[in-house]
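**Student:** Dumping the structure here so I can ask a few things about it.
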Amino acid sequence: MRIVSWNCCGKFREKFTKLTELDADIYVIQECENPETATHQEYKKFAENALWQGYTPSRGLGVFPRSSLSVKQLGWENCLLRHFMPVAINGLTLLAVWACRPYIEEYAIYQAIHYDKFNSEMVVIGDLNSNKIWDKKSARIPSGRSHSDVVSRLAQKGLRSAYHYINGENTFALSGRTVSFKDFVNREWNADDLSNAIELVLGVQAQKVIPQEPMSNNGNWRVVIFILAGFVLIVIVSFIILKRRNNVN
């Protein structure tokens with residue numbers, strides 16, 4: 001079974017056709033729009049067997065299995081936490097995750113609440129917004145909520161990162177880029193791993209998918225424009241100050 005997870009950063013209706021080239025059995029998509037309220041007919045057809053949750057129709061967490069698969073949402077209480085969706089797909093328990101601020105800390109709380117339900121035959125997959133290098137940021141909060149804490153607790157249930165296992169790496173190691181963020185294809189991260197049972201890992205091909213060319217994203221251009229505008233403003237202010245000083249002299 002091939003499972004693909006992707007944070008699409010919105011407007012999934014305009015992007016899903018490209019993603020389907022991966023020919024996955026299950027797509028776990030973060031920041032996608034609600035198929036039930038969408039007007040894009042091809043997107044609605046693609047999502048005919050999907051489950052979705054979110055607090056705004058434009059951005060939520062979606063699980064998109066093939067139409068031939070049986071899928072149902074499990075009744076795990078969210079306890080006001082966002083966005084976690086446990087589902088059963090053809091007998092496989094899959095926990096889809098989009099960990100929003102405070103990121104791994106919120107996931108750690110959800111995991112602790114439902115820890116008795118975790119087992120070595122399930123899959124945890126999604127955007128966990130997590131990395132070992134950010135453990136130091138967890139020093140200000142109670143223990144048990146850091147990336148390393150979460151990974152250790154998963155290991156106790158027989159769950160570990162499929163990517164690290166298949167590539168023969170230590171779970172806590174960082175040996176290259178596994179994540180490409182928006183247009184910044186030259187920046188490197190290692191985050192958001194697929195975790196599943198070691199005995200199931202042999203049936204999973206965990207790969208990093210890095211685009212060769214930047215994906216168009218208007219949000220990045222806005223950032224660039226703001227930076228340029230700030231630079232121009234600094235130049236103008238400096239020019240005014242120098243001019244006043246010259247007038248004084």
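Read the figures in this text as sums done on the coordinates, not as results from a lab. Here the structure is a predicted model, which means the values were calculated and not measured. Neighbour counts run over all protein chains shown; Cβ positions are idealised from the backbone, glycine included.
**Student:** Give 11/117; 18/45; 15/44 a once-over and call out the pairs whose C-alpha atoms are over 25 Å from each other.
**Tutor:** Values: 11/117 33 Å; 18/45 15 Å; 15/44 13 Å.
Distance filter (> 25 Å) returns 11/117.
**Student:** Next question, about the same structure. What does the C-alpha gyration tensor say about the overall shape of the stretch 1-73? Classify as rounded when a/c is under 1.5, otherwise prolate if a/b is larger than b/c, or oblate.
**Tutor:** Details: a/c = 1.41, a/b = 1.27, b/c = 1.11.
Taking the square roots of the gyration eigenvalues as a ≥ b ≥ c, the stretch 1-73 is rounded.
**Student:** Here's a follow-up. Sorting 20, 93, 39 on the 10 Å Cβ count, fewest up front, what's the list?
**Tutor:** Details: 20 13, 93 16, 39 8.
So the residues, fewest neighbours to most, are 39, 20, 93.
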